[in-house]
């Protein structure tokens, strides 16, 4: 085998090894995510999920008299946490979950006598 072919082969193998190493770490990377809920064209609430320390930060962004809540599932059934701190306030919910769990959640505004408005489902990993 010529030296040029050997160099090309080594370069190709090194590139493949680097790609495999990067793909292997992609699944373990922590991601932060969030969602907003709107009703009547107005933002009513916001949730931010911090995957580093497994906390939800739930904000009531509208002074409308309605509380906001999150519904989430990390594999052990749907949970709900409501924040009624008032307009432009934030509550923090620590989850203390093991790393690597799939979690999905929505943020909703609790509208009495009407169906609640909710965000789209967000998928993340603890």
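The values are calculated or read from the model by the stated rules, or taken from the named source; none is laboratory data. Since the structure is predicted, the reported quantities are computational estimates derived from the model, not experimental observations. No Cβ is skipped: glycine too gets one built from the backbone with ideal geometry, and neighbour counts run over all protein chains shown.
The residues in region 90-115 that are touching a residue at least 24 places away in the same chain (Cβ under 8 Å) and more than 20 Å from the chain's Cα centre (by Cα) can be counted, and the count is 3. Report whether or not residue 105 is under 24 Å from residue 43 (Cα atoms) and not in a strand (DSSP E or B). The answer is no for residue 105. The set of residues from region 45-58 being within 13 Å of residue 89 (Cβ to Cβ) and in contact (Cβ under 8 Å) with a residue 60 or more places away in the chain comprises 45, 46. The sole residue among 56, 123 that is surrounded by fewer than 19 Cβ atoms within 10 Å (Cβ to Cβ) and modelled with pLDDT of 95 or more is 123. Note on region 59-89: residues that are over 14 Å from residue 46 (Cα atoms) and either in contact (Cβ under 8 Å) with a residue 40 or more places away in the chain or part of a loop (DSSP other than H, G, I, E, B) (or both) total 6.
Conditions (1) at pLDDT below 95; (2) under 17 Å from residue 37 (Cβ atoms); (3) surrounded by fewer than 17 Cβ atoms within 10 Å (Cβ to Cβ); (4) in contact with a helix residue (DSSP H, G or I) (Cβ under 7 Å, 6 or more places away or on another chain), marked per residue:
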position	(1), (2), (3), (4)
60	no, yes, no, no
65	yes, yes, yes, no
68	no, yes, no, no
72	no, yes, no, no
86	yes, yes, yes, no
94	no, no, yes, no
101	yes, no, yes, no
111	yes, yes, yes, no
